[in-house]
1. With the contact rule set at Cα under 8 Å and sequence spacing of 6 or more, what percent relative contact order holds for the chain?
2. Within 13 Å, Cβ to Cβ, of Ser54, how many net charges do the neighbouring residues add up to if Lys/Arg are +1 and Asp/Glu are -1?
3. Translational diffusion coefficient, Stokes-Einstein: compute it for region 4-76 using the Kirkwood radius over C-alpha pairs as Rh, at 37 °C and 0.692 mPa s, and state it as an integer in µm² s⁻¹.
4. How much net charge surrounds Ser23 when only other residues with a Cβ under 15 Å from its Cβ are counted (Lys, Arg +1; Asp, Glu -1)?
5. What are the residues whose amide H is under 5 Å from the amide H of Gly15, where those residues sit 5 or more places off or on another chain and H is modelled from the backbone?
6. With runs of 4+ DSSP H residues as the only contributors, calculate the mean residue ellipticity of the chain at 222 nm using -39,500 (n - 2.57) per run, divided by the residue total and rounded to the nearest 500.
Amino acid sequence: MTKITLVHHRDKCIGCNVCFEASPSNWKINEEDGKADLIESKETKEGIFVKEISHLEVEENKIAEDNCPMGIIKLNK
Ligand code: SF4
């Protein structure tokens, strides 16, 4: 089965909370800098975090992708 990944360009995050509201099991706001963290992701390049998710998590993260005001969430499937 094809891997489904979420990509977060964290540098540009404004901490608006939209991603957390869409998928609280994958996103949380970092208390230190106020930006979102993609939970259990790996930093593949500076400021770019990637995580594999299950097909069950696609729908809620599509909402996050579509509604992130900075356009910095990418869902690849
Ligand atoms: S929706 Fe986008 S800008 Fe808002 S907290 Fe999440 S990643 Fe950051």
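Read-outs throughout are calculated quantities, based only on the coordinates presented, and are distinct from any laboratory measurement. Keep in mind that what you see is a predicted model, and the values were worked out from it rather than measured. Cβ coordinates were reconstructed from backbone atoms using ideal geometry, including for glycine residues, and neighbour counts include every protein chain displayed.
1. Relative contact order of the chain: 44 percent.
2. -2
3. So the translational diffusion coefficient is about 278 µm²/s.
4. That sum, taken over residues with Cβ under 15 Å, equals -4.
5. So Gly15 has HN proximity to Ala36.
6. Computed mean residue ellipticity for the chain: -5000 deg cm²/dmol.
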